[in-house]
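Colleague: Quick one: the structure is below, questions incoming.
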Amino acid sequence: MYINFSKNYNWQKLEIGKWICHFIGNKKFQDELTLLLNSDWKVNTITLMEFWKNQTENFCAVLENDHSIISFVDPIKGYPLYYYYDGREFAISDSARVLKKQFEFQGLNNISLLEFMTSGFVTGKETLYHNLYQIQAGEMIKLDKKLKTLSRERYYRYIPTEKSDGKIEDYLFQLNEIINKAFGRVIESAEDRPIWVPLSGGLDSRLNVCKLVEMGYENIHTFSYGPKLSKNHEAQTAREISKVLNIPWTFIPHNPKKSRDFFQSTLRKKYWEFSDNYSAKPNMQDIEHLFYLRENKIISEDAIIVNGQSGDFITGGHIPSNLINGNLTSEDIFSTIIEKHFSIWNYVNKDQILRNILRDKFFKLLNITPQQNLSYEELISLYESWEWQERQAKVVASGQRAYDCLDIEWRLPHWDFEYMSFWSTVPLNLRKNQSLYKMYLKKYDYKELFNDFIGKVKPGYSGLNAYLKRNILGLLNLLHVNTKPLVKYTSYFGYYHNYYSYFSFLYFLNNIKRAQIPPEGRGVFALVISKWLQENNFPNVSSYIENIEN
């Protein structure tokens, strides 16, 4: 059996000429694929790759005829595909767990496990098991049935390159046109169904609701969640935005006991098994609150979620400031990535053995050499390409699995592929610090929600953690006392308390001591990884790393 899908996605099937097509995509995608495969000219991998490049929304497909199987995912891996291949046997699925059950393989990939433990995801095409692979964003694989050979080709890479130093006014005009087209596609595909926007008070979700209202869509709802409203400045901002736009807003206050009950529930465990695919930690951002909306019949069966992922990255918000210098080498990219993404625990930065293991794979993936001299434009382009491929496509976009698990449709306007293509051509001086994006929003300023409101958004909320920071940390710093332990152990009561409270305080204390905090959110990742390893009978972090060192 070559193709073995789970029942978790709404796969469609078409028989077109000599092809059998399994796909996830909208009506436009189906019509264009049908036209392509029915055309008189020969369909080959080149014509197929040109077809994938011209799509603008999320999709994936598996095409089969008598000679081959061709499989691909979109440029953000919106819908994932996994395959087993050992040189003789081949199978493809939307679930890595389905393939593991089919082939009963056991061989752990030790480098992948080290990556997973230290970052929460596996880089490249690998997963936690040998011979089990993931199709990467913008990638196509082809199996020759007769020869049993497998080839992998790229039809898309996100690599920012400066094609011109055009006028700022021209870039602002183009950006407005492309944003309007992206949201026009969302509106067209929604067909008047309810659109729900998770509204954080930040710029990207705010742009979502403003564009939908401006373009005349009427069936819009918003929701926010977190600590109680009186202490939650982001939710207060979201409420005010919804009021100005005259659209309904639902608030889900954090309840530690209900969160703990949810975390212990079979639904949460089912979601983890559905979403991890032996390649990335489960994304817990929305699942509890979506379940609440569904369980209480607040969100209808035909609703569509439109979130703001990942507007901050694509507009330049993740460009590391330390790379915007001269006289740097490829080693500096590696160090930046390690410190930012592979430092959940305090092992890697202190252990040269672990660092070298990660280093070898890193340079192989980017096809560069250590100490290679690069301009800072090249360094930043490589960094952004790496983060798109490895973290955004594998960790951030995996948040869509929460919607899939509950059978809720979704759209990602900030990952619209025409929008991605635009940002890949914007000069670095307009990408860094999101300069062009912020200029656009200030000029757009729909209903005065982007100028005065920007200054009103306050980070986090007030609570024990905030009190300690205001009143104690400053004094301790003046006395030259190391405040990191205090920050670490009070993070349980801080900005991310609604996620920390999935775990008992005792579990937190037992597992957080080796985690690198701040930033506080990293502690949540540490606890999720520890629990995932425990529930799936993998080695714990300490014993595994000690084994590598020995």
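Colleague: Could we say that Ile241 is farther than 18 Å from Ser300 by Cβ, outside any loop (DSSP other than H, G, I, E, B) and in contact with a Cys (Cβ under 9 Å, 6 or more places away or on another chain) here? Write out each step before concluding.
Modeller: Working: farther than 18 Å from Ser300 by Cβ: yes; outside any loop (DSSP other than H, G, I, E, B): yes; in contact with a Cys (Cβ under 9 Å, 6 or more places away or on another chain): yes.
Against the criterion (farther than 18 Å from Ser300 by Cβ, outside any loop (DSSP other than H, G, I, E, B) and in contact with a Cys (Cβ under 9 Å, 6 or more places away or on another chain)), Ile241 qualifies.
Colleague: Can you tell me which residue within the stretch 493-502, out of those that are assigned to a helix (DSSP H, G or I) and farther than 21 Å from Phe342 by Cα, is most open to solvent (accessible area, probe 1.4 Å)?
Modeller: Phe493
Colleague: Kindly evaluate Tyr383 against the criterion of being among the hydroxyl-bearing types (Ser, Thr, Tyr), in a helix (DSSP H, G or I), out of contact with any Pro (no Cβ under 8 Å at 6 or more places or on another chain) and in contact (Cβ under 8 Å) with a residue 24 or more places away in the chain. Break it down into steps so the answer makes sense when it comes.
Modeller: Values: among the hydroxyl-bearing types (Ser, Thr, Tyr): yes; in a helix (DSSP H, G or I): yes; out of contact with any Pro (no Cβ under 8 Å at 6 or more places or on another chain): no; in contact (Cβ under 8 Å) with a residue 24 or more places away in the chain: yes.
The answer is no for Tyr383.
Colleague: If you go through the stretch 427-470, how many residues are among the hydrophobic types (A, V, I, L, M, F, W, C), open to solvent by less than 10 Å² (accessible area, probe 1.4 Å) and either at pLDDT below 90 or in contact with a Lys or Arg (Cβ under 9 Å, 6 or more places away or on another chain) (or both)?
Modeller: Looking only at that region, the number is 3.
Colleague: Right, next: Does any residue of the stretch 256-275 turn out to be in contact with a strand residue (DSSP E or B) (Cβ under 7 Å, 6 or more places away or on another chain) and surrounded by 15 or more Cβ atoms within 10 Å (Cβ to Cβ)? Talk me through it step by step, then tell me what you get.
Modeller: The initial filter retains those residues of the stretch 256-275 that are in contact with a strand residue (DSSP E or B) (Cβ under 7 Å, 6 or more places away or on another chain), namely none.
The answer is no, given that none of the residues of the stretch 256-275 is in contact with a strand residue (DSSP E or B) (Cβ under 7 Å, 6 or more places away or on another chain) and surrounded by 15 or more Cβ atoms within 10 Å (Cβ to Cβ).
Colleague: Which numbered condition trips up Gly316, out of (1) touching a Lys or Arg at 6+ places or on another chain (Cβ under 9 Å); (2) small (Gly, Ala, Ser); (3) surrounded by fewer than 21 Cβ atoms within 10 Å (Cβ to Cβ); (4) modelled with pLDDT of 95 or more?
Modeller: The single condition Gly316 does not satisfy is (3).
Colleague: Checking the structure you have, find out if any residue of the stretch 106-120 is without any contact (Cβ under 8 Å) to a residue 12 or more places away in the chain, open to solvent by 10 Å² or more (accessible area, probe 1.4 Å) and not basic (Lys, Arg). So that I can check it myself, show each step before the final result.
Modeller: Within the stretch 106-120, the subset without any contact (Cβ under 8 Å) to a residue 12 or more places away in the chain is none.
No, the stretch 106-120 has no match at all.
Colleague: Which pairs turn up if I take residues in the stretch 201-219 that are closer than 15 Å to Gln309 by Cα and look for partners that are part of a helix (DSSP H, G or I) and of a type in the set (Val, Ile, Thr) with beta carbon separation below 6 Å, at least 6 apart in sequence or on another chain?
Modeller: Gly201/Thr237; Arg206/Ile241
Colleague: OK, next. Tell me which residues, restricted to the stretch 503-537, are over 20 Å from the mean Cα position of the chain (by Cα), open to solvent by less than 20 Å² (accessible area, probe 1.4 Å) and of a type outside the set (Gly, Ala, Ser).
Modeller: Correct list: Phe503, Phe508, Ile512, Ile517, Leu533.
Colleague: Name the residue, out of Ile338, Ile305, Ile298, that is open to solvent by 10 Å² or more (accessible area, probe 1.4 Å) and β-branched (Val, Ile, Thr).
Modeller: Working: Ile338 fails: open to solvent by 10 Å² or more (accessible area, probe 1.4 Å); Ile305 fails: open to solvent by 10 Å² or more (accessible area, probe 1.4 Å).
Answer to the check: Ile298.
Colleague: Please find, within the stretch 88-103, the residue that is nearest to Ser275 (Cα to Cα) out of those that are of a type outside the set (A, V, I, L, M, F, W, C) and open to solvent by less than 40 Å² (accessible area, probe 1.4 Å). I'd like the intermediate steps shown before the answer.
Modeller: Applying the first criterion (of a type outside the set (A, V, I, L, M, F, W, C)) to the stretch 88-103 yields 88-89, 93-95, 97, 100-102.
From what's left, open to solvent by less than 40 Å² (accessible area, probe 1.4 Å): 93-95, 100.
Working: Ser93: 13, Asp94: 10, Ser95: 8, Lys100: 15 Å.
Going through the qualifying residues, I end up with Ser95.
Colleague: Here's something else I'd like to know. Can you tell me which of (1) farther than 25 Å from Leu366 by Cα; (2) crowded, with 22+ Cβ neighbours inside 10 Å is the one Asp407 doesn't meet?
Modeller: In the conditions (1) farther than 25 Å from Leu366 by Cα; (2) crowded, with 22+ Cβ neighbours inside 10 Å, Asp407 misses (2) alone.
Colleague: Related question: Is it the case that some residue within the stretch 137-147 is small (Gly, Ala, Ser), in contact with a helix residue (DSSP H, G or I) (Cβ under 7 Å, 6 or more places away or on another chain) and not in a helix (DSSP H, G or I)?
Modeller: Yes, the conditions are met somewhere in the stretch 137-147.
Colleague: Give the residue, chosen from Lys148, Lys125, that is open to solvent by 50 Å² or more (accessible area, probe 1.4 Å) and modelled with pLDDT of 95 or more.
Modeller: Numbers: Lys148 fails: modelled with pLDDT of 95 or more.
Criteria check complete, one pass: Lys125.
Colleague: In the stretch 364-386, which residues are open to solvent by less than 50 Å² (accessible area, probe 1.4 Å), closer than 24 Å to Asn109 by Cβ and touching a helix residue (DSSP H, G or I) at 6+ places or on another chain (Cβ under 7 Å)?
Modeller: Here is the first cut: in the stretch 364-386, the residues open to solvent by less than 50 Å² (accessible area, probe 1.4 Å) are 366, 368, 374-375, 379-386.
Of the ones still in play, those that are also closer than 24 Å to Asn109 by Cβ are 366, 368, 385-386.
Listed by number, the residues that qualify are Leu366, Ile368, Trp386.
Colleague: If only one of Val197, Val186 is open to solvent by less than 70 Å² (accessible area, probe 1.4 Å), within 21 Å of Phe51 (Cα to Cα) and not in a loop (DSSP other than H, G, I, E, B), which one is it?
Modeller: Working: Val197 fails: within 21 Å of Phe51 (Cα to Cα).
The match here is Val186.
Colleague: Identify, please: which residue in the stretch 503-520 is in a loop (DSSP other than H, G, I, E, B) and closer than 20 Å to Ser259 by Cα and is, among those, modelled with the lowest pLDDT? Don't jump to the end; show me each part of the working.
Modeller: Pass one, the stretch 503-520, residues in a loop (DSSP other than H, G, I, E, B): 503-504, 513-514, 516-520.
Those still in the list that are closer than 20 Å to Ser259 by Cα too: 503-504, 520.
Values: Phe503: 96, Ser504: 94, Glu520: 83.
Step by step, filter the stretch 503-520, then rank; the result is Glu520.
Colleague: Taking Thr369, is it touching a Pro at 6+ places or on another chain (Cβ under 9 Å) and among the β-branched types (Val, Ile, Thr)?
Modeller: Values: touching a Pro at 6+ places or on another chain (Cβ under 9 Å): no; among the β-branched types (Val, Ile, Thr): yes.
Against the criterion (touching a Pro at 6+ places or on another chain (Cβ under 9 Å) and among the β-branched types (Val, Ile, Thr)), Thr369 does not qualify.
Colleague: Applying the selection to the stretch 244-255, what residues are open to solvent by 30 Å² or more (accessible area, probe 1.4 Å), at negative phi and in a loop (DSSP other than H, G, I, E, B)?
Modeller: Step one: list which residues in the stretch 244-255 are open to solvent by 30 Å² or more (accessible area, probe 1.4 Å), which gives 244, 246, 248-251, 253-255.
Next, only the ones that are at negative phi stay: 244, 248-251, 253-255.
Matches in the stretch 244-255: Pro248, His254, Asn255.
Colleague: Return a yes/no flag: does the stretch 224-231 have any residue that is free of Cβ contacts under 8 Å to residues at least 60 places away in the same chain, closer than 22 Å to Gly201 by Cβ and touching a Lys or Arg at 6+ places or on another chain (Cβ under 9 Å). Please lay out each step first, then the result.
Modeller: We begin by selecting, within the stretch 224-231, every residue free of Cβ contacts under 8 Å to residues at least 60 places away in the same chain; these are 224, 228-230.
Okay, now just the ones that are also closer than 22 Å to Gly201 by Cβ, so 224, 228-230.
If we keep only those that are touching a Lys or Arg at 6+ places or on another chain (Cβ under 9 Å) too, we end up with 224, 229.
Yes, because at least one residue in the stretch 224-231 is free of Cβ contacts under 8 Å to residues at least 60 places away in the same chain, closer than 22 Å to Gly201 by Cβ and touching a Lys or Arg at 6+ places or on another chain (Cβ under 9 Å).
Colleague: Go through (1) more than 25 Å from the chain's Cα centre (by Cα); (2) assigned to a loop (DSSP other than H, G, I, E, B) and name the single condition Gln30 misses.
Modeller: So the condition that Gln30 fails would be (2).
Colleague: Going through the stretch 403-431 one residue at a time, which ones are farther than 20 Å from Asn26 by Cα and touching a residue at least 24 places away in the same chain (Cβ under 8 Å)? Spell out how you get there, then give the answer.
Modeller: Keep residues of the stretch 403-431 that are farther than 20 Å from Asn26 by Cα, which gives 421-431.
Once the filter is applied, which keeps residues that are farther than 20 Å from Asn26 by Cα and touching a residue at least 24 places away in the same chain (Cβ under 8 Å), the stretch 403-431 yields Phe422, Trp423, Ser424, Thr425, Val426, Pro427, Leu428, Leu430, Arg431.
The values are calculated or read from the model by the stated rules, or taken from the named source; none is laboratory data. Since the structure is predicted, the reported quantities are computational estimates derived from the model, not experimental observations. Note that each Cβ is placed from the backbone with ideal geometry, even for glycine, and that neighbours are counted across all protein chains shown. Side chains included, ligands, DNA and RNA excluded: accessible areas come from the protein's heavy atoms. Shrake-Rupley method; radii C 1.70, N 1.55, O 1.52, S 1.80 Å.
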